[in-house]
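Worksheet: the structure to be examined is printed underneath.
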Amino acid sequence: MTLRLTETIQQRFSQQVLLTHHSLGQETVVIDRAGLLLIAEFLRDDPHMRFDFLMDLTAVDYLKFGRTLSSAPTLKTPSPLPYFMKPKPSANPWQRGVSNDEFRFEVVYHFYSSEHNHRLRLKVPLNVADLSLASLTQLWASANWFEREVWDLFGITFNGHPNLRRILMYESFEGHPLRKDYPVRKRQPIIGPLN
Amino acid sequence: MADSPDVAKLNWMTTRIDAALGWARKFSIFQYPFVTACCGMEYMATATSHYDMDRFGAGFPRFSPRQADVLFVVGTISHKLAPVLKRVYDQMTEPKWVVAFGVCTCTGGFYDNYATVMGIDTIIPVDVYIPGCPPRPENVLDGLMKLQEKIAQGEKAPAAVLFSARPQEVGLPHRPEAHL
Ligand code: SF4
């Protein structure tokens, strides 16, 4: 009887794993920030894991998660929300394992193993007080640009990244536009409207 | 009648030099396609043989702005790209015209976000706007013929009327906490 990926990881790193779940063949592990490098190295090098491909690395801002249907207020959005715009309770509520207020951001990694043809999703909730975690550039080269993108758009620092500069926005851009509290209508043109 | 010479026999004619120039220019449009996004596909569809932009004398794209006289801005322009577009425009020699191809270049289109320029006329003067997302080739040819009329009449987009009321930040209140 072979164990699920999530079960193997949970057994081996019971200290660092906060939560696991799987649905429709998608396996997810939520881990503590401190165990990231340890687990990542295990995922890459263990003969049963062999995740040789970091497919995606992104982040989520849970500032307004589950509180409104749309996070973009417009002039027409009434406040307080009418009954038809209130989020509906879901039959199968999905758990993060941590509180949305304290752990506002979450970095999400998607791994793929071309050897075993399996995939894994790794989530690392980040405390708002310290938005930083270890960089995976030493393990997967593709992490380099992904981490720059996450830094650029969410303002999450990756310790040990060789070149943590903005990648999509320009250098003089202020703020991190994919944060849910970035003003929706704010514009920062490099060449202003009147030149 | 007896005094006026028979033009057909004389082998010369009188005209206004600028009218002649305009007529010549309107059929020798050397375009610089500044293609950044999905509208590019529609530009290609229009430029190639099926719709054949060459019928209007605009069949020869130049990939150096110094050799071009019509700038086709095709596709979304982001703030990061805006200085490049401005520079390309500045590198073109007079006389020059600008065509805004697609709603993204006309007004920003459906993009209303931190990254997109809300219409290239906030950066450079525009002569012809071709709306559509993307515009159909017929629409593009219509725009091209409008441009030809403009060129023939020696008109230019007035640089002074530019960008009257495009505020840096649209004046709607931002209420991030309103719905928490
Ligand atoms: S107008 Fe539409 S088709 Fe053209 S670049 Fe914009 S989004 Fe793409």
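Measuring r between the beta carbons of A:LYS86 and A:ASP32 and using R0 = 41 Å, the FRET efficiency lands at 0.80. GNM, chain A, Cα, under 10 Å: largest mean-square fluctuation among A:ARG67, A:ARG185, A:ARG165? Answer for the Gaussian network model of chain A: A:ARG185.
In order along the range B:122-131, the phi-based Karplus estimate (6.51 cos²θ - 1.76 cosθ + 1.60, θ = phi - 60°) of 3J(HN,Hα) comes to 7, 10, 9, x, 10, 8, 10, 9, 10, x Hz; Gly and Pro are listed as x. Listed by chain and number, the aspartates and glutamates placed with their C-alpha closer than 16 angstrom to that of B:LYS96 are B:ASP18, B:ASP69, B:ASP121, B:ASP127, B:GLU149, B:GLU155; residues fewer than eight positions away on the same chain are left out. Dipole magnitude for the range B:63-102: computed about the Cα centre from +1 point charges on Lys and Arg Cβ and -1 point charges on Asp and Glu Cβ, it is near 160 debye. Start at zero, step by 10 Å, and the Cα-Cα distances of chain A spread as 8, 30, 32, 20, 8, 1, 0 percent across the bins. Dipole magnitude for the range A:5-159: about 740 debye, using +1 per Lys or Arg Cβ and -1 per Asp or Glu Cβ, origin at the Cα centre. Rounded to the nearest 10 degrees, the inclination of helix A:36-45 to the longest alpha-carbon principal axis of chain A is 50 degrees. Could you tell me the distance between the Cα centroids of the range B:35-81 and the range A:7-28, to the nearest Å? Cα centroid of the range B:35-81 versus Cα centroid of the range A:7-28: 52 Å apart.
Using the Cα gyration tensor of the range B:24-96, with a ≥ b ≥ c the square roots of its eigenvalues, what is the shape: rounded (a/c below 1.5), prolate (a/b larger than b/c) or oblate (neither)? Since a/c reaches 1.5 but b/c is at least a/b, the shape of the range B:24-96 is classed as oblate. Lysine pairs in chain A whose alpha-carbon atoms fall under 22 angstrom of each other, counting only those eight or more residues apart or on distinct chains, come to 13.
Excluding same-chain neighbours fewer than eight residues apart, the lysines reachable from B:LYS9 by a Cα-Cα span under 29 Å are B:LYS26. Maximal additional length on extending the A:SER99-A:ALA141 stretch stands at 11.9 nm, based on 0.36 nm per residue less the C-alpha distance.
Of the residues B:SER78, A:SER132, A:SER172, the one with the fewest other Cβ atoms within 10 Å heads the list, and the complete ranking is A:SER172, A:SER132, B:SER78.
No lab work stands behind these numbers, since they all come straight from the coordinates. Please read all numbers here as calculations on a predicted model, not as lab measurements. Here the Cβ is made from the backbone with ideal geometry for all residues, glycine too, and neighbour counts use every protein chain on show.
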